[in-house]
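Right, one structure below, let's go through it.
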Amino acid sequence: MRDLPAAWIAAAAGAELVAGGAAPGGAHRAVIDSRVVRPGDLFVGLTGKCSDGGAHAPEALVDGAWGVLVTPDHAGRAAASASPTGVVLSAPDPLAAMQSLARAWRRELGCRVVGITGSTGKTSTKDILAALLTPELRAHRNRENLNTEIGLPLTMLEAPPRTEVLVLEMAMRGEGQIAELVAIAEPDVGVIVNVGPVHLELLGTVERVAAAKAELIRDLRVGASCVIPARERLLDSHLRDDIDSITFGPGGEVMLLSFERSVVGAGGVAEIEVRGRRVELELSYSEAYNLLNTLAAVGAAHALGIRPSGRVEPRFSALRGKVVELPGGVTVVNDCYNANPMSMRAALNSLSDAPARRRLALLGEMAELGAGSGEFHREIGAQASALGIDVLVTVGERAIGYIDGFDGESYSAATPEEAAGLLEEIAIPGDRVLVKGSRSAGLERVLA
């Protein structure tokens, strides 16, 4: 937006241009936190439950913001404090205005868009796809978890001029939310990584989870492409004849033919078949779940007309499987950004496959599972036993249910800090430790 005049930005947002019509150039990005404002930013004052961001518009302008987008209640005060070139935009709903502006910027760029959702693995799939596309296209992706009705438009408005493809993760907590994100981003390719038991407190059944994810398929334009897991029956009724459906995984059109682990390092070479054609990728990772995520990403690249090859080294987002070597020869897999039954099983399988003297699972609760939460936790504990996990440490009262299904050495800690102290006592050189739980468990504090 940096080369577009204030009048264009106002019209695109459906806002009134109150001040600063003669401002040179446009905004570089949008921000919603006045404390991080930099010169060239458009500060959007959102109204929250506990605060009204519009009240901070004057200080954002003083700190060098290109302009502000606020409700009419704040526009007058902001205009009074603005410099002669400071832009003040007024709209009854700044969030809706920011979303409209993001959609207009996506159209102005003329780029293609990939929307990615799923019960687990969507962030890693986004990171892998961005790495696959970057050698061929100027790609822009979400930072960390900017994947909601607020984060998605912020991501889109960060895209620089000449961006050729947007790789956008789309988060969902309930019905209608994927549809809202699709309306903003207008994707050309939709990817559903998987469907599983998440957000059951809100949705109740996995079938309703699938329907909510499938809003991505439903709202794609005619002629678009969707990438879906092979043999996922919960999505069958949501498929369309007027879009190209690409299946991935065992029995799909994008399949892993072989994977040869590297003698040195954590990666390996993957041979993949894509609708009858073979590609070979040198991957910097080897986890089974990320190999499956790679197939989804390769399917999306194919839908864009890209045939990936060579070295693939994604910059994975924080707290998602990062390997940390602790003093004393203990390896920790820091995968504590979030957890549900699908991602927990995948992480435990990966732990079981990894070489180690002993394997320890330090697990927090899996949140938002509704009435079946206790049974889900017991099942994960049982799986850890079946996989031969040597030690289980649960963190928090709601995670104790894992122990009901685990028949090995186990401990319970009340807090992440207590778990960290316990880990120092019981871990020995050569151990590999998985740290995983929902965000509500706060397990990032284990390694603080």
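Coordinate-derived values only; no laboratory data. Fair warning: this is a prediction, and the values are worked out from it, not measured in the lab. In this analysis, Cβ positions are derived from the backbone assuming ideal geometry, glycine residues included, and neighbour counts consider all displayed protein chains.
Annotations for the structure displayed:
- Charge dipole (debye, nearest 20) of region 6-98; +1 at Cβ of Lys and Arg, -1 at Cβ of Asp and Glu: 140
- Most tightly packed first, judged by the mean number of other beta-carbon atoms within 10 Å of their residues, the peptides 406-415, 384-393 read 384-393, 406-415.
- Average silhouette area of the chain, convex hull of alpha-carbon atoms, in square nanometres: 22.0
- Burial ranking of peptide ranges 132-143, 256-267, 366-377 (average Cβ count within 10 Å, highest at the top): 132-143, 366-377, 256-267
- Total lysine pairs under 26 Å (Cα atoms) in the chain, excluding pairs fewer than 8 apart on one chain: 8
- In terms of overall dimensions, the C-alpha atoms belonging to region 6-98 reach 35, 25, 23 Å along their principal axes, ordered largest to smallest.
- Most mobile listed residue (Gly67, Gly396, Gly251) in the chain, GNM with C-alpha springs under 10 Å: Gly251
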